[in-house]
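The values are calculated or read from the model by the stated rules, or taken from the named source; none is laboratory data. These figures come from a predicted structure and were not determined experimentally. Neighbour counts are summed over all protein chains in view; Cβ atoms, including those assigned to glycine, are modelled from backbone coordinates with ideal geometry.
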Amino acid sequence: MAKLYPDSKVEISGFLARHYEFLLNLVTARRYRGFISRVIRDMEIAPDDRVLDLGAGSGYNAKFMTEYLDHSGMILGLDVGEEAIEQFREKFPGSDNVRIERRRVDRELPYESEFDKVFTSFVFHGLPHDSRLKLLENARRSLKDEGRFYILDYGDFELSEMPFFIREPFKLLECKYAFDYLKRDWYSILGEEGFDVVDSKRYYRNFARLLVAEKAEP
Ligand SMILES: C[S@@+](CC[C@H](N)C(=O)[O-])C[C@H]1O[C@@H](n2cnc3c(N)ncnc32)[C@H](O)[C@@H]1O
């Protein structure tokens, strides 16, 4: 599938995609594993949950989720990256309960009220705003009425107030959409798009945040 937004840094491929997990653990001095393990614990996954993971990547997060699921639960990952899809399938060979499909999460998805949880991790910030709104619409429609939507991404920090060892790499490595993401009030936007934010967990002094939202009454 062609890359739709050349300026985005989340449509990853090649070397970066093949070694994504290793590189993340390297740049975070091996903290990444512990961080994701805490985030997935904070999602309070029930054994029979049906989870939709938007931009699932290599299945790194899904692997942690499976620790909370039994045979009645399932994970469906969606991604566009060839390398990501291949690595995801290698992690769960022949599994009916943990699968990945190639789909854009910013195009209309075919799911209606099917999932208990929808999760997206470090995808949201890298999309143009209209595409984020489409992702929100997809998440809302895919969720069951009491379902929960989880956005794991950067926290609501002022870049200028961050220490230089965060600020400078961010400025160097991040795309224009990430700067736009930081400026927006996600509580209000989620409200406008039919969600109630019910919780927010912060990690590494608010560098990362897990927003937890429920489908609002129509
Ligand atoms: C930064 S990686 C994060 C992967 C994974 N969520 C994680 O936290 O490890 C972003 C992922 O989103 C996928 N992606 C980016 N834009 C997408 C889109 N529009 N539709 C589906 N997947 C997308 C990329 O292929 C990549 O695997």
**Complete:** Condition set of a type in the set (Ser, Thr, Tyr) and in contact (Cβ under 8 Å) with a residue 12 or more places away in the chain, scope the stretch 92-125, selection nearest to the ligand (Cβ to nearest atom): answer is SER121
**Item:** Residues (away from the ligand (no atom under 13 Å from the Cβ) and assigned to a helix (DSSP H, G or I)) located in the stretch 60-74
**Value:** THR66
**Request:** Take the residues in the stretch 65-80 that are under 17 Å from the mean Cα position of the chain (by Cα) and not hydrophobic (A, V, I, L, M, F, W, C), then tell me which one is surrounded by the fewest Cβ atoms within 10 Å (Cβ to Cβ).
**Result:** THR66
**Prompt:** Exactly one of (1) more than 9 Å from the ligand (Cβ to nearest atom); (2) surrounded by fewer than 21 Cβ atoms within 10 Å (Cβ to Cβ); (3) in contact (Cβ under 8 Å) with a residue 24 or more places away in the chain; (4) not in a loop (DSSP other than H, G, I, E, B) is unmet by GLU83. Its number?
**Reply:** (1)
**Request:** Please work out which residue is surrounded by the most Cβ atoms within 10 Å (Cβ to Cβ), limiting yourself to the stretch 98-141 and to residues that are polar (S, T, N, Q) and closer than 16 Å to MET43 by Cβ.
**Result:** THR120
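Quick grid of which residues meet (1) in contact with an Asp or Glu (Cβ under 6 Å, 6 or more places away or on another chain); (2) of a type in the set (Lys, Arg):
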residue	(1), (2)
ILE12	no, no
ARG18	yes, yes
ASN25	no, no
ILE40	no, no
MET43	no, no
GLY59	no, no
GLY73	yes, no
GLU83	no, no
ARG89	no, yes
**Item:** When residues of the stretch 26-48 are limited to those that are among the small types (Gly, Ala, Ser) and not in a helix (DSSP H, G or I), the one farthest from ARG103 (Cα to Cα)
**Value:** ALA29
**Complete:** If you go through GLY77, GLY57, the only one that is closer than 15 Å to VAL118 by Cα, outside any loop (DSSP other than H, G, I, E, B) and either in contact (Cβ under 8 Å) with a residue 24 or more places away in the chain or near the ligand (Cβ under 10 Å from one of its atoms) (or both) is GLY77
**Request:** List the number of the failed condition for VAL51; all other conditions in (1) part of a strand (DSSP E or B); (2) near the ligand (Cβ under 9 Å from one of its atoms) hold.
**Result:** (2)
**Prompt:** Which one of ASP42, ASP53, ASP49 is crowded, with 20+ Cβ neighbours inside 10 Å, modelled with pLDDT of 95 or more and in contact with a Lys or Arg (Cβ under 6 Å, 6 or more places away or on another chain)?
**Reply:** ASP49
